[in-house]
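Everything on this sheet refers to the single structure shown next.
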Amino acid sequence: AQSVTQLDSQVPVFEEAPVELRCNYSSSVSVYLFWYVQYPNQGLQLLLKYLSGSTLVKGINGFEAEFNKSQTSFHLRKPSVHISDTAEYFCAVRNYNDYKLSFGAGTTVTVRA
Amino acid sequence: GAGVSQTPSNKVTEKGKYVELRCDPISGHTALYWYRQSLGQGPEFLIYFQGTGAADDSGLPNDRFFAVRPEGSVSTLKIQRTERGDSAVYLCASSLERGGGVETQYFGPGTRLLVL
């Protein structure tokens with residue numbers, strides 16, 4: 001079984017400041033890694049995913065994440081946030097030989113002017 | 001194109017009642033998933049369909065929960081004898097699983113179930 005820990009439940013940040021959301025996972029097998037975003041009153045939307053290859057993954061809306069196998073981490077970053085980035089962000093993993101996603105508890109990002 | 005849709009968007013019921021939640025996946029998507037999201041938590045897997053069959057129902061919490069996908073498209077999640085602890089947002093996702101790849105799961109907006 002695998003588990004996902006998102007280390008920060010709430011992250012307040014000022015507009016145009018950088019943000020980093022931390023995600024650590026544990027699994028006995030190799031995994032694929034994902035970040036999803038949930039805007040208010042909307043469904044989950046995929047930001048980016050790591051499958052293999054380069055450990056730095058670029059996603060939509062200027063987000064990127066870096067896979068670190070030795071630290072079993074997949075932290076999400078954006079160099080300059082906008083008010084519209086206010087949302088809840090979920091890290092998720094999926095085993096190589098499975099289809100279901102296991103999610104962390106989420107990080108709420110609130111961007112203030 | 002149209003995304004995953006779920007109906008109703010909100011459902012209020014009384015303890016002990018039966019409810020059905022519906023999911024319309026993206027057209028052509030062979031895989032369909034149900035997840036449950038409790039307040040302050042991330043989504044938790046319930047069941048996965050590949051076509052008409054339930055390929056993995058290991059996440060269903062007990063035998064009060066059941067899901068069907070009779071024609072390989074629309075799915076219904078059925079909850080019998082609802083309990084207050086069943087209150088949550090029920091999410092549906094679909095993907096185009098062609099085997100050998102890692103397809104994106106596209107999520108619907110969810111059905112918010114409140115059991116009084």
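Points to keep in mind about this one:
- Candidate set: the range A:17-29, residues that are exposed (fewer than 12 other Cβ atoms within 10 Å of the Cβ) and not polar (S, T, N, Q); chosen: the one nearest to A:G59 (Cα to Cα): A:P18
- Test: residue in the range B:46-58 that is open to solvent by 40 Å² or more (accessible area, probe 1.4 Å), within 25 Å of A:Y25 (Cα to Cα), of a type in the set (S, T, N, Q) and more than 8 Å from chain A (Cβ to nearest Cβ): yes
- Restricting the range A:30-49 to residues that are more than 10 Å from every other protein chain (Cβ to nearest Cβ) and open to solvent by less than 70 Å² (accessible area, probe 1.4 Å), the residue that is farthest from the chain's Cα centre (by Cα): A:S30
- Residues being of a type in the set (G, A, S), touching a residue at least 12 places away in the same chain (Cβ under 8 Å) and assigned to a loop (DSSP other than H, G, I, E, B) - total across the range B:20-45: 3
- Restricting B:V89, B:V68 to residues that are touching a Leu at 6+ places or on another chain (Cβ under 8 Å) and either under 19 Å from A:Q42 (Cβ atoms) or of a type in the set (A, V, I, L, M, F, W, C) (or both) narrows the list to B:V89.
- Residues being buried (at least 21 other Cβ atoms within 10 Å of the Cβ), within 14 Å of chain B (Cβ to nearest Cβ), within 10 Å of A:L33 (Cβ to Cβ) and not small (G, A, S) are represented in the range A:53-65 by at least one member.
- Residues in the range A:66-113 that are among the polar types (S, T, N, Q) and open to solvent by 70 Å² or more (accessible area, probe 1.4 Å): A:S70, A:Q71, A:S84, A:N97.
- Test result for A:G62, of a type outside the set (F, W, Y) and either touching a residue at least 60 places away in the same chain (Cβ under 8 Å) or in contact with a Lys or Arg (Cβ under 8 Å, 6 or more places away or on another chain) (or both): yes
- In the condition set (1) more than 13 Å from the chain's Cα centre (by Cα); (2) within 11 Å of chain B (Cβ to nearest Cβ); (3) touching a residue at least 40 places away in the same chain (Cβ under 8 Å), A:E88 is compliant with all but (1).
- Meets criteria (more than 12 Å from chain A (Cβ to nearest Cβ), of a type outside the set (D, E) and not in a strand (DSSP E or B)) for B:K17: yes
- Yes/no for B:G40 being in contact with an Asp or Glu (Cβ under 7 Å, 6 or more places away or on another chain) and surrounded by fewer than 18 Cβ atoms within 10 Å (Cβ to Cβ): no
- Filtered residues of the range A:7-33 (kept if out of contact with any Phe, Trp or Tyr (no Cβ under 8 Å at 6 or more places or on another chain), of a type in the set (G, A, S) and in a loop (DSSP other than H, G, I, E, B)): A:S9, A:A17, A:S27, A:S28
- Failed item, numbered, when B:A93 is tested on (1) buried (at least 21 other Cβ atoms within 10 Å of the Cβ); (2) away from every other protein chain (no Cβ under 14 Å); (3) among the aliphatic types (A, V, I, L, M): (2)
The values are calculated or read from the model by the stated rules, or taken from the named source; none is laboratory data. Remember, predicted model here, so these are calculated numbers, not experimental data. Cβ coordinates were reconstructed from backbone atoms using ideal geometry, including for glycine residues, and neighbour counts include every protein chain displayed. Keep in mind that these areas ignore ligands, DNA and RNA; they rest on the heavy atoms of the full protein, side chains included. Shrake-Rupley method; radii C 1.70, N 1.55, O 1.52, S 1.80 Å.
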